[in-house]
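Down below is the structure, laid out as structure tokens.
The values are calculated or read from the model by the stated rules, or taken from the named source; none is laboratory data. As the structure is a prediction and not an experimental result, all values here were calculated from the model. With ideal geometry, Cβ positions are generated from the backbone for all residues, glycine too; neighbour counts draw on all protein chains shown.
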Amino acid sequence: MPLQWVSLLTIALGPIPDRPDPALVALSERTPGVIVTRSARTYPISGNDIGELRDRLRAQLNMDAAAGGHALTRSEIQVGYAFERSRGECVLIEAQVAVDVTTVLPSWEPDKPVPAALRHQWQQVRKALDTHEQGHADHALAASEELRQQLAQLPATAPSCRDIESAAQRILFRVMTRLKFRDQRYDMRTQYGSAQGAVL
């Protein structure tokens, strides 16, 4: 019986630019009970000195006030169910979790040659942004695994399929709430990556 997929959670810190990073190909990985899809995108910024770079990043931040920083990670978690009726009861055949994580980062494209020191400084900032966004991705992956483990504890049978789905929704609500607060605390603790070095 094919799984029926239900979107359960989306954490989006801002709009996703439609420019895929050609150096980063989406990675799909299937593990028992969890399907993980990872992808990365970039948005261009220009500037030929540190002042211009700061201005461009600040302008991007102002355009996307919901993001709180210069990069973002969007995570969507879905659950697929397969049920069948047997002897007047609903039998849960399978419950599977899928998580799709998209990371968006700035890509610096100077208009002319720039000093090596500035390139090095940018590389350090970009590395810190990578580190910060990986933290958000790790939270989503951990939440997906937690969700999978808790769904595995659902009763295999119930008087109706709605009973099983309601129990799954309660599990999801708890996992979703913990993930939301974990991400919020992480952003506050790291000052949206600034404390990790993501600042010019």
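All but one of (1) without any contact (Cβ under 8 Å) to a residue 40 or more places away in the chain; (2) aliphatic (A, V, I, L, M); (3) crowded, with 19+ Cβ neighbours inside 10 Å hold for A116; which doesn't?
(3)
Considering every residue within region 150-172, establish whether at least one is surrounded by 14 or more Cβ atoms within 10 Å (Cβ to Cβ), within 30 Å of R56 (Cα to Cα) and touching a residue at least 12 places away in the same chain (Cβ under 8 Å).
no
Could you list, ordered by first residue, the pairs with Cβ atoms under 6 Å in which the first is in region 62-78 and more than 28 Å from I35 (Cβ to Cβ) and the second is modelled with pLDDT of 80 or more and assigned to a helix (DSSP H, G or I), at least 6 apart or interchain?
Listed pairs, sorted by first residue: H70/L57.
Could you identify the single residue in D100, D138, D111, D130 that is among the acidic types (D, E), outside any helix (DSSP H, G or I) and under 15 Å from the mean Cα position of the chain (by Cα)?
Matching residue, one of D100, D138, D111, D130: D100.
Please identify the pairs in which a residue from region 40-53 that is touching a residue at least 24 places away in the same chain (Cβ under 8 Å) and surrounded by 15 or more Cβ atoms within 10 Å (Cβ to Cβ) has its Cβ atom under 6 Å from the Cβ atom of a residue that is assigned to a helix (DSSP H, G or I) and not aliphatic (A, V, I, L, M), counting only partners at least 6 apart or on another chain.
Here the result reads I45/R56; G47/R56, each pair linking region 40-53 to a residue that is assigned to a helix (DSSP H, G or I) and not aliphatic (A, V, I, L, M).
Please verify whether R189 is surrounded by 14 or more Cβ atoms within 10 Å (Cβ to Cβ) and either part of a helix (DSSP H, G or I) or aromatic (F, W, Y) (or both), treating the condition exactly as stated.
no
With respect to R148, is the statement that it is more than 19 Å from R74 (Cα to Cα), assigned to a helix (DSSP H, G or I), in contact with a strand residue (DSSP E or B) (Cβ under 7 Å, 6 or more places away or on another chain) and of a type in the set (D, E, K, R) true?
Against the criterion (more than 19 Å from R74 (Cα to Cα), assigned to a helix (DSSP H, G or I), in contact with a strand residue (DSSP E or B) (Cβ under 7 Å, 6 or more places away or on another chain) and of a type in the set (D, E, K, R)), R148 qualifies.
Determine, yes or no, whether P106 is closer than 30 Å to G197 by Cα and exposed (fewer than 13 other Cβ atoms within 10 Å of the Cβ).
no
For region 169-200, which positions are of a type in the set (A, V, I, L, M, F, W, C) and out of contact with any Lys or Arg (no Cβ under 9 Å at 6 or more places or on another chain)?
Answer for region 169-200, where residues must be of a type in the set (A, V, I, L, M, F, W, C) and out of contact with any Lys or Arg (no Cβ under 9 Å at 6 or more places or on another chain): I171, L172, F173, V175, M176, L179, F181, M188, V199.
Okay, residues lined up against (1) farther than 26 Å from A152 by Cβ; (2) part of a loop (DSSP other than H, G, I, E, B); (3) modelled with pLDDT under 85:
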{"residue": "P44", "(1), (2), (3)": "yes, no, no"}
{"residue": "N48", "(1), (2), (3)": "yes, yes, no"}
{"residue": "E52", "(1), (2), (3)": "yes, no, no"}
{"residue": "L57", "(1), (2), (3)": "yes, no, yes"}
{"residue": "G68", "(1), (2), (3)": "yes, yes, yes"}
{"residue": "S75", "(1), (2), (3)": "no, no, no"}
{"residue": "Y81", "(1), (2), (3)": "no, no, yes"}
{"residue": "C90", "(1), (2), (3)": "no, no, no"}
{"residue": "E94", "(1), (2), (3)": "no, no, yes"}
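What single numbered condition from (1) more than 18 Å from L57 (Cα to Cα); (2) touching a residue at least 60 places away in the same chain (Cβ under 8 Å); (3) part of a helix (DSSP H, G or I); (4) of a type outside the set (K, R) fails to hold for Q124?
Tallying (1) more than 18 Å from L57 (Cα to Cα); (2) touching a residue at least 60 places away in the same chain (Cβ under 8 Å); (3) part of a helix (DSSP H, G or I); (4) of a type outside the set (K, R), Q124 fails exactly one: (1).
Which of (1) closer than 29 Å to P106 by Cα; (2) touching a residue at least 40 places away in the same chain (Cβ under 8 Å); (3) among the charged types (D, E, K, R) does R178 not meet, given it meets every other one?
If we test R178 against (1) closer than 29 Å to P106 by Cα; (2) touching a residue at least 40 places away in the same chain (Cβ under 8 Å); (3) among the charged types (D, E, K, R), just (2) comes out false.
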